[in-house]
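As structure tokens, the structure follows; a few thoughts come after it.
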Amino acid sequence: MMEGKNVNKYQAFGDVPTVMYVPDFITPSEESHLLDKVHGAPLSKWKSLKNRRLQNWGGVVHEKGLLPQDLPPWLTKITQRISEESGLFPSPINHVLINEYHPDQGIMPHQDGPAYFPVVAIISLGSPAVMDFTPHSRLRKCNDGKGTDEDALESGTNEWMDNHHPFSVVLMPRSLLIFKDTAYSDYLHGIKDGEVHQYEEAINEGALINQTFLDSEPVAAAEVVESSDPKVIRRTTDRISLTCRSVLKVHKSLFKF
Ligand SMILES: O=C(O)CCC(=O)C(=O)O
Ligand SMILES: [Fe+2]
């Protein structure tokens, strides 16, 4: 696979080599443009779930592959850039899920489905949030084989095999997060409900220093507090994320499934 031309921007983190975070991947005006496009989509494009809304672009993902639909130009522009710069996608990004979260909404810890190539690129817009990664329950020490991921998350006192440990990434607006390989296969990822997200364990803390976040529009309604108890306060602005992935198996017609 070819290395991306800006591969040095795609810094991995210490013992979590399969997570990359690029602050300010897009400019404030690109952010506004993307937000306008997301909000300009027809209302019928939104699917409401219990705890968030989403738009599905690129077609319908089935267990066996993708029944494709062309991505609109405003999405191909950004996905081509991610693909070219990172050099991590084996084929064009052909699927984008757009999630919208109110400040008190999150997403349950989960793993992405088997239909996707195991590299995920997430662009964040609007309010910041903290994404938590938790090792899969099969990686617990003394695993009796019966533990569920819910058990693992609830007990909090788990010991993990090897160097698998829970960690978090602060997702600032305009940033790009990429996770792949081990982070994709051995961890669940999720975002807590609630307007305040702690981030003591954030692996990208260094990348947050000098963020011009508080000065920038249109997201001044949220705040990153650096103290002995660092946290992200989400306040009034929604967070919109673009989850960009490749589905390798593409079906030309429904009959070929
Ligand atoms: O909103 C995000 O950053 C994460 C979304 C996600 O994990 C997903 O759609 O599978
Ligand atoms: Fe996900």
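The values are calculated or read from the model by the stated rules, or taken from the named source; none is laboratory data. None of these values were measured; they are calculated from a predicted model. Glycine gets a Cβ as well: all are built from the backbone with ideal geometry, and neighbour counts include every protein chain shown. Calculation scope for accessible area: heavy atoms of the full protein, side chains included, ligands and nucleic acids excluded. Shrake-Rupley method; radii C 1.70, N 1.55, O 1.52, S 1.80 Å.
Structure summary
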{"item": "All positions within segment 53-83 that are at pLDDT 95 or above and charged (D, E, K, R)", "result": "Arg53, Asp70, Lys77, Arg81"}
{"item": "Gly40 vs. criteria out of contact with any helix residue (DSSP H, G or I) (no Cβ under 6 Å at 6 or more places or on another chain), away from ligand 2 (no atom under 16 Å from the Cβ) and under 30 Å from Glu195 (Cβ atoms)", "result": "yes"}
{"item": "Tally of residues being away from ligand 2 (no atom under 12 Å from the Cβ) and either crowded, with 17+ Cβ neighbours inside 10 Å or acidic (Asp, Glu) (or both) across segment 96-114", "result": "8"}
{"item": "Only one of Asn51, Asn56 that is open to solvent by 20 Å² or more (accessible area, probe 1.4 Å) and touching a Leu at 6+ places or on another chain (Cβ under 7 Å)", "result": "Asn56"}
{"item": "Total residues in segment 115-139, condition more than 15 Å from ligand 2 (Cβ to nearest atom), in a strand (DSSP E or B) and open to solvent by 30 Å² or more (accessible area, probe 1.4 Å)", "result": "0"}
{"item": "Output for segment 76-105, where each listed residue is under 26 Å from His33 (Cβ atoms), within 15 Å of ligand 1 (Cβ to nearest atom) and of a type outside the set (Val, Ile, Thr)", "result": "His95, Leu97, Asn99, Glu100, Tyr101, His102, Pro103, Gln105"}
{"item": "Failed item, numbered, when Glu154 is tested on (1) at pLDDT 70 or above; (2) not in a loop (DSSP other than H, G, I, E, B)", "result": "(1)"}
{"item": "Residue check for Asp144: open to solvent by 60 Å² or more (accessible area, probe 1.4 Å) and modelled with pLDDT of 70 or more", "result": "no"}
